[in-house]
Each structure stands twice: as C-alpha cells, then as structure tokens.
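Below is one structure, written out as structure tokens, with a few remarks after it.
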C-alpha cells in the first residue's frame, strides 16, 4: 500500500469491525494500521480458509478480500460470505483489476473493487463508503424486521379484536365518518335480521330500521349544545326491541373518525317492565276502591253516626284513619308512577300562570301546614311567569315538593315558593327550613321508594315515590330538577322548565 501524502489530516473517529483477508503481509499490516488509526476494529487473515473461519464467528461489518488467495480464492470466499450473511459488505482489493474480475466479483455480492496499489486516503474513502452501505443495509434490515413485527402484532390484535367481537351477545357496528360500514360482528347480523354479511363500505342507513338512527351515525351524535356525545335510542326490528347506543370515535387530533353503535336486545326487559306496570296498575286500581270504602266507614264512625265513641275507641279509629290515609296515598302514587311509565298519560298542554298554580298549591297544603305549625309563603315576579304544560302535572310537581317541605320541617318553620324568569327556563324554587338531607343521600334522592333513614324521619309517613314522580314529570317536559341541602339548615328544590312551545308526546 502506498503511503498517503504527509499532510496534517483531521480524521474523524470511525466505528465498525473489519476483517482484512490478504496473503501479502505488508498489505495486511498496512490496511490494519491505516484503518485502526481512525477507530476501526481490524483483524487480519492470511488466506481464504483462515478468513472463512474468522467470518463464521460473526459480528463483522466489512470484509476486505483479495481475489488471488492460496487455497480458497477470493471469488469462492465471496460466494460463501453471500450464503452466510448477505448483509455483510465485501470490498475486493486486487492487483488484477479487470472488467471481467469486477463483473465476477459483483455477481458474487461484492460492493466495490479497489485496485492495488492504493493510498491510505483511497482506502479510507472506499471503506467509509462501504461502511455507510453497511449502515444503510442494517437500517433497512431493522425497519424490515420492525415492519414484520408490527404486522404480526397487528394481525394478533385483529385476531383478538375479532375474537372479542364474535363472543359478544350485543351487536357492534363501526362506521366511518361517511356513515359507511367498517366493522361488524355476528350478533349485529342476527339482531338486524340480515341473512348474510354486508360488504364493507355498505351505507349503514340501509341496514338500520330507524332513519333517525342512521342520520345519527352518519353525522355523529351530539348533545343539546351541539357537542359530541353518546346517544341511546330504542328501535324495533323483526319483532325485537333494540337499544341502539351510538358513540363518536376521535383520533389524537380530536377529529371524528366515525361512530361505534352497540345494539342490545331489550325485548324481554321491555316485556317484563310492561308486565310490572300492568301488575302495579291493576293492583292499585283493585286496592283503591275497598280502601276508599273503609275510609268512608271510619269517617262515619268518627262522625258519631253509629253512636257515641269512648276516648279509647276514638283514638283507635283515628290511628286507623291515619294509616289508611297513608295507604291511599301510596296507592295514588303507584297509580301515578304506573301512568308515567306506561306513557299513556293524557295531557292538555296549555299556557299556565305559575303564580296562580302556586297559590292553588298553597291553599291545598294550608291545612297540613297549620297542623304542623309551618308557614307558607310565595315570592313571584309582579309581572307573572308562564309555562306551557299540563295543569295537573304542575300541581303534582309543586304539591309533592311543598308537602315534603312541610313534613320534614320544624314547628315554627317556613316553606317558600319562588318563581323567576331565567330566559329559556322558568325557575321554580321550593325552600324549606327543615331538618335537611345528608350529603350521601342526595344522589339517590329521586329514586323510586327511596327514603332517608334517620331518627328524625322515622315517624314521618311517606311512600318514597313523590320525588321520583317529580323527576319523571319534569323530564317529560325536557326540564330538570336539582336539590341543595345541609343538615339542620333546610333544603332547596329547584325545578327548571322550558318556557317555549315544544312538541309533546300525548
């Protein structure tokens, strides 16, 4: 090897393992020194057999191979290297650099050919180019392996997803942002009564029985404020009642990708609910008539029409009357709940003066308030306040809240009915100065048959249905009811009712 010009060189540090295979000691040593000086790890081999043994140890990045080697020559060695590690870069060094030699070496996997004699600079340049090729090859191998691994993981993930979807009893439909089918499971086909799987990309609107549901899937469900939200809707298909829950799907940039629709068969649950409502309604009707008759008999006895009563007899009959009144109230509440659940309530939607209805409710509750020494008060705007709803519904809502405020108050306490205009809503507050409600009871307060169990409430009669009726009635008019309370300080029940004309289901 010819030494390079004695010029001050700035040599960058290089890395990589190189094996120099050449039968000339001077060439081997010259290459080793030149390459080691810039940071490469260099070993040498004196012939083809030794070079082949060393290469089989693995871990090499580059092989400098002389063509004319004793025993196993360079071309044969190149073939062995190609079979051992196709990604190992081979640089041929030879004093017989002809076109034919270059072609034969290239066919056997050689990256380049460096003719002898060459300078250190020429060697370093050729090696650096070859090592860059090695890095590119390794990067390509790594990317290829990562891609294959990702594809395998994706295939496994798809397999797991398909297994989960196929095992679900609920139907699943996944649609893209255009409302076209992207994924489904066998349960969805069964619930929708489809004889065969639809092609991916089918318009979901053609698969669903409800055009409004199809529109939700195509446009993406939203809440009243126009924000993305999950929406549930009941639909009928092939004699089944399905609950379809539609939820939007977003990417990392919060752009809508499509929707996921969950289909659940609630036919049996609806039938059971209907049966329960019929049973409650029938039982309540059958109970009310004899209870009313018994109440009449007791009132007759208390009125002295059957003769004078002793104090003991009168006390017994009065307690019977109180219990009977509580039982009649329970039956009335059950009837109300049954009618609300069945959806067969007859309503006459009219414009109501809220203040007038408040005065009516106060008049109806005045006797009970006087008996418990509770004051009733109305605070309303002088110009009045109107809502559009059924009169009996508004009376029922306010009566339940006022009666609760009286029952759970203290002697000398007060119940205040307030009304005010809040734009879209009419706000009705029923404020009492009673015993208050524990914080942990507030989330369950509007559930059916729920009553707060505390020593102060043990002797107060009630069915646990009044607030449930209030909630159901208010929600029918697309309003809401809220409560704030502190123990020992009283409670405030707030009813918010939309004031504008709406379309109601009669």
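The values are calculated or read from the model by the stated rules, or taken from the named source; none is laboratory data. Owing to the predicted nature of the structure, the values given are computational and were not obtained by experimental measurement. In this analysis, Cβ positions are derived from the backbone assuming ideal geometry, glycine residues included, and neighbour counts consider all displayed protein chains.
General observations
- Helices (runs of 4 or more DSSP H) within the stretch 15-123 that include 2 or more residues more than 60 Å from the chain's Cα centre (by Cα), farther than 26 Å from residue 145 by Cα and touching a residue at least 60 places away in the same chain (Cβ under 8 Å): 25-36
- Filtered residue count, the stretch 345-384, keeping only those that are over 41 Å from the mean Cα position of the chain (by Cα), in a loop (DSSP other than H, G, I, E, B) and under 20 Å from residue 421 (Cβ atoms): 5
- Among residues of the stretch 175-185, those that are within 19 Å of residue 264 (Cα to Cα) and either in contact with a helix residue (DSSP H, G or I) (Cβ under 6 Å, 6 or more places away or on another chain) or not assigned by TED's automatic domain parsing to the domain that holds residue 258 (or both), counted: 3
- Within the stretch 237-248, the only residue that satisfies the criterion of being more than 25 Å from residue 272 (Cβ to Cβ) and surrounded by fewer than 16 Cβ atoms within 10 Å (Cβ to Cβ) is 247.
- Residue among 56, 104 that alone is in contact with a helix residue (DSSP H, G or I) (Cβ under 8 Å, 6 or more places away or on another chain), surrounded by fewer than 16 Cβ atoms within 10 Å (Cβ to Cβ) and in the same structural domain as residue 40 (by TED's automatic domain parsing): 56
- Some residue of the stretch 155-166 being outside any loop (DSSP other than H, G, I, E, B), in contact with a strand residue (DSSP E or B) (Cβ under 7 Å, 6 or more places away or on another chain) and either at pLDDT below 85 or exposed (fewer than 13 other Cβ atoms within 10 Å of the Cβ) (or both): yes
- Filtered residue count, the stretch 195-212, keeping only those that are under 16 Å from residue 238 (Cα atoms) and surrounded by 15 or more Cβ atoms within 10 Å (Cβ to Cβ): 4
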